[in-house]
Amino acid sequence: MRKLMSVMMATTAVAATFGCAQKPPATMAVIEDKVYTVTPDQVMVKAGIVSGEVTELKVTERVEKDSGRVDSPAKLTGKLKLTNSSTDQTVRLIGAKILYIDDQGQLIKIEEARTEPALKFSGSYNSTDRLDPGQDATQAVDVDFPAEALKAKKLKEIRIELVYIPSPYKLQTANFSVSIGGQTAIQ
């Protein structure tokens, strides 16, 4: 019995030493946002009868603090405010495509596994996708940004290709005679 007890205690000690003991928690990599400023961060834009401004532009990527490994690829964010500057046309906003142009005037392409940078104007009739003369709408910009464009002096401009449908806007007046409680209108 003593031998059996000794063997059991030795087995327990070995198991506790090699496999059953709690391991220290694995250290998690610290992820932080790396923000690149866009200069200027506010610009006026005009595309036909639609004008506006792009504001609060910045590029952000998430990286591991110690290794510098990119955790989440770069994104361009900001706000796009569009105004229908026409006096006689309504505009239905369809979408917009964002293009990145390098210092040689060539398109900088987005990496294959990422999404083409496009904006969709969502809304129902008479909402954010329709602008009557003088009306404006604001759209958030949150699109993929090419890693190639982060290289020093590589990016020269950002281009927005706006797609919209203009239609005539008319204000007409119709008059009609009325009477109230059997009285005839005096002319």
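The values are calculated or read from the model by the stated rules, or taken from the named source; none is laboratory data. Computed from a prediction, not measured in an experiment: that's the story for all the values here. For neighbour counting, all protein chains shown are included, and Cβ atoms are generated from backbone atoms with ideal geometry for every residue, glycine included.
Structure above, values below:
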| read-out | value |
| --- | --- |
| Restricting region 109-126 to residues that are among the basic types (Lys, Arg) and outside any strand (DSSP E or B), the residue that is surrounded by the most Cβ atoms within 10 Å (Cβ to Cβ) | Arg114 |
| Contacts under 8 angstrom Cβ, first residue in region 32-52 being without any contact (Cβ under 8 Å) to a residue 60 or more places away in the chain, partner surrounded by fewer than 11 Cβ atoms within 10 Å (Cβ to Cβ), 6 or more apart | Ser51/Met44 |
| Complete set of residues in region 149-170 that are of a type in the set (Ser, Thr, Tyr) and either out of contact with any strand residue (DSSP E or B) (no Cβ under 8 Å at 6 or more places or on another chain) or not in a strand (DSSP E or B) (or both) | Tyr169 |
| Counted residues, region 73-108 - those being of a type outside the set (A, V, I, L, M), farther than 13 Å from Gly134 by Cα and assigned to a strand (DSSP E or B) | 10 |
| Residue match in region 45-66 (condition: modelled with pLDDT under 90, part of a loop (DSSP other than H, G, I, E, B) and either small (Gly, Ala, Ser) or exposed (fewer than 13 other Cβ atoms within 10 Å of the Cβ) (or both)) | yes |
